[in-house]
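The values are calculated or read from the model by the stated rules, or taken from the named source; none is laboratory data. Everything quoted here is computed from the prediction, not taken from an experiment. FYI the Cβ positions are ideal-geometry reconstructions off the backbone, even for glycines, and counts take in every protein chain you see. Accessible surface areas use protein heavy atoms only, side chains included; no ligands, DNA or RNA. Shrake-Rupley method; radii C 1.70, N 1.55, O 1.52, S 1.80 Å.
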Amino acid sequence: MKNKIPPPIITLICAILIYLSKSTFPVLTFYYSGQISLLFLVSGFCIILISFLAFRNKKTTINPIKIEKASSLVTNGIFKYSRNPMYFGMVLILISIGIKFNPYGGALVVGFFVYFMTYFQILPEEKAMLKLFGENFIKYKNKTRRWL
């Protein structure tokens, strides 16, 4: 695994970057930004919770740093639509923070987060999943998108 930092910590660091860099970018406010931000925030947390429950129902590990301990491939529920719904939920949370505090900086940080997570977390996870689940993972990968 290329990434040894848990994804929630990376999300937290990115959220802090969005907030702290707000004075670097022009202020952008628009009607209903608070409500839209809240919608993204709640959606992100709900997707993460639904994903967590799917892992728990399959009695497999949720720890992406110890992916080799996965005991089953989760392909049902929300995982029918995305191979990485938890990471997508984290993106929604970061978008929420960007909308609320720093839309320009938020867009840059979210782009960085997606790149970082894809290269350092998801691609190594996919290699591990291929070793663990072989043809079942290939079939799942071919019919389900990486992000959304």
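Which residues, counting only those in the range 32-76, are open to solvent by 50 Å² or more (accessible area, probe 1.4 Å), closer than 17 Å to MET129 by Cβ and part of a helix (DSSP H, G or I)?
LYS66, GLU68, LYS69
Considering only residues of the range 25-72 that are more than 16 Å from the chain's Cα centre (by Cα) and among the β-branched types (Val, Ile, Thr), which is nearest to GLN121 (Cα to Cα)?
So the first thing to find is which residues in the range 25-72 are more than 16 Å from the chain's Cα centre (by Cα), and the list is 25-39, 56-61, 66, 68-72.
Now restrict to residues that are among the β-branched types (Val, Ile, Thr): 27, 29, 36, 60-61.
Details: VAL27: 33, THR29: 33, ILE36: 29, THR60: 18, THR61: 16 Å.
Ranking the candidates gives THR61 first.
Restricting to the range 128-148, what's the tally of residues that are surrounded by 14 or more Cβ atoms within 10 Å (Cβ to Cβ) and part of a helix (DSSP H, G or I)? Spell out how you get there, then give the answer.
Quick first cut of the range 128-148, residues surrounded by 14 or more Cβ atoms within 10 Å (Cβ to Cβ) only: 128-130, 132-133, 136-137, 140-141, 144, 146-147.
When the remaining residues are screened for being part of a helix (DSSP H, G or I), the result is 128-130, 132-133, 136-137, 140-141.
Qualifying residue count, the range 128-148: 9.
Does LYS22 count as among the basic types (Lys, Arg) and either at pLDDT below 90 or within 16 Å of the chain's Cα centre (by Cα) (or both)? Let's see the steps before the verdict.
Numbers: among the basic types (Lys, Arg): yes; either at pLDDT below 90 or within 16 Å of the chain's Cα centre (by Cα) (or both): no.
No, not satisfied.
Can you say whether PHE112 is at pLDDT 95 or above and out of contact with any Lys or Arg (no Cβ under 9 Å at 6 or more places or on another chain), as far as the supplied structure shows? It would help to see each step written out before you state the result.
Working: at pLDDT 95 or above: yes; out of contact with any Lys or Arg (no Cβ under 9 Å at 6 or more places or on another chain): yes.
Criteria met by PHE112.
Could you list, in sequence order, the residues of the range 104-142 that are more than 15 Å from ILE67 (Cα to Cα) and over 19 Å from the mean Cα position of the chain (by Cα)?
TYR104, GLU135, ASN136, ILE138, LYS139, ASN142 - these are the residues of the range 104-142 that are more than 15 Å from ILE67 (Cα to Cα) and over 19 Å from the mean Cα position of the chain (by Cα).
Of everything in the range 79-108, what is part of a helix (DSSP H, G or I), open to solvent by less than 80 Å² (accessible area, probe 1.4 Å) and either in contact with a Ser or Thr (Cβ under 6 Å, 6 or more places away or on another chain) or of a type in the set (Ser, Thr, Tyr) (or both)? Give them in sequence order.
Residues satisfying the conditions are PRO85, MET86, TYR87, PHE88, MET90, LEU92, SER96, ILE99, GLY105.
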